[in-house]
Amino acid sequence: MSMKVSIVIPALNEENYVSFVLSDIARQTRRADEVIVVDGKSQDATASVVDRFPGVNLLIGAPPVANQRNLGGRKASGDILVFLDADVRLSETFLEAFLKRIEQRNLDIACPLYMPYRSTPLIKTIHVFINVVFVALQKALPSGAGHCIAAKREVFQQSPGFDATLKLGEDVALVRKLARGHRFGIVAKQLFVSDRRYKEESVPRMLMKILLLSIIFTFNKFGWANRIEHEFGNHTL
């Protein structure tokens with residue numbers, strides 16, 4: 001019997017993006033059993049856009065994004081929870097291939113490879129390098145991004161969940177926490193992520209931020225990342 005899957009998507013002022021990921025989810029060769037969008041009291045038409053998709057469960061939460069992910073994760077009923085960002089894109093076979101490999105490897109927590117959607121060669125190269133590092137260190141220093149993290153429901157719901165005191169790195173912190181005593185792995189299936197932060201903040205600025213966060217996360221000093229300014233859905237943290 002195959003696993004039931006719940007998808008959880010936090011959203012804040014994502015009216016221009018959330019319809020694309022929900023459309024991609026609707027076209028999957030392996031359909032999700034449950035789709036939950038947790039809106040962080042958006043000031044735009046995010047909730048109205050979500051309402052146009054039948055079968056999607058819209059919850060109202062509050063920032064930061066960790067709170068929204070936790071609310072959706074606690075309400076979800078699937079055997080495995082797949083947390084997605086509101087601006088990612090999925091190939092039609094993503095969910096089928098991703099879940100199949102998770103089952104084959106009997107993973108409790110998993111992340112895919114993250115590649116930018118229709119981006120520049122430079123930004124693609126940056127993501128290839130990050131993926132190589134994530135794969136190489138998946139046993140010694142488990143890491144993943146909130147773009148997509150999958151976890152067995154009982155593993156997530158028995159944990160404290162995403163740390164809402166962290167402005168950045170709550171995703172990596174969760175992966176590190178859950179990987180202790182559970183099976184974690186990087187699955188060789190690409191998920192497409194938005195490159196909008198590179199355009200908004202510039203490539204050099206993003207590279208400096210990635211380098212700084214890498215050092216912070218290597219030493220598990222997640223609280224230090226709170227000093228870095230970051231924006232989620234036009235909500236400055």
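For region 37-125, please list each of the strands (runs of 3 or more DSSP E) lying entirely inside it that holds at least 1 residues being in contact with a Gly (Cβ under 7 Å, 6 or more places away or on another chain) and crowded, with 17+ Cβ neighbours inside 10 Å.
So the answer is 80-84, 109-116.
Determine whether Gly161 is modelled with pLDDT under 95, out of contact with any Asp or Glu (no Cβ under 7 Å at 6 or more places or on another chain) and of a type outside the set (D, E, K, R).
Against the criterion (modelled with pLDDT under 95, out of contact with any Asp or Glu (no Cβ under 7 Å at 6 or more places or on another chain) and of a type outside the set (D, E, K, R)), Gly161 does not qualify.
Quick one: which helices (runs of 4 or more DSSP H) sit completely within region 149-223 and have at least 3 residues that are surrounded by 19 or more Cβ atoms within 10 Å (Cβ to Cβ), in contact with a Lys or Arg (Cβ under 9 Å, 6 or more places away or on another chain) and on the phi < 0 side of the Ramachandran plot?
170-179
Within region 1-23, which residues are aliphatic (A, V, I, L, M), buried (at least 20 other Cβ atoms within 10 Å of the Cβ) and over 11 Å from Val88 (Cα atoms)?
Across region 1-23, the qualifying residues are Val5, Ile7, Val8, Ala11, Leu12.
Looking at region 48-84 only, could you name the residues that are in contact with a Lys or Arg (Cβ under 9 Å, 6 or more places away or on another chain) and among the small types (Gly, Ala, Ser)?
Gly61, Ala62, Gly73, Ala76, Ser77, Gly78
If Phe134 satisfies all but one of (1) at pLDDT below 95; (2) surrounded by 16 or more Cβ atoms within 10 Å (Cβ to Cβ); (3) in contact with a helix residue (DSSP H, G or I) (Cβ under 9 Å, 6 or more places away or on another chain), what's the number of the condition it fails?
(3)
The values are calculated or read from the model by the stated rules, or taken from the named source; none is laboratory data. All of these numbers come straight from a predicted model, not from anything done at the bench. Cβ atoms come from the backbone with ideal geometry, glycine included; neighbour counts cover every protein chain shown.
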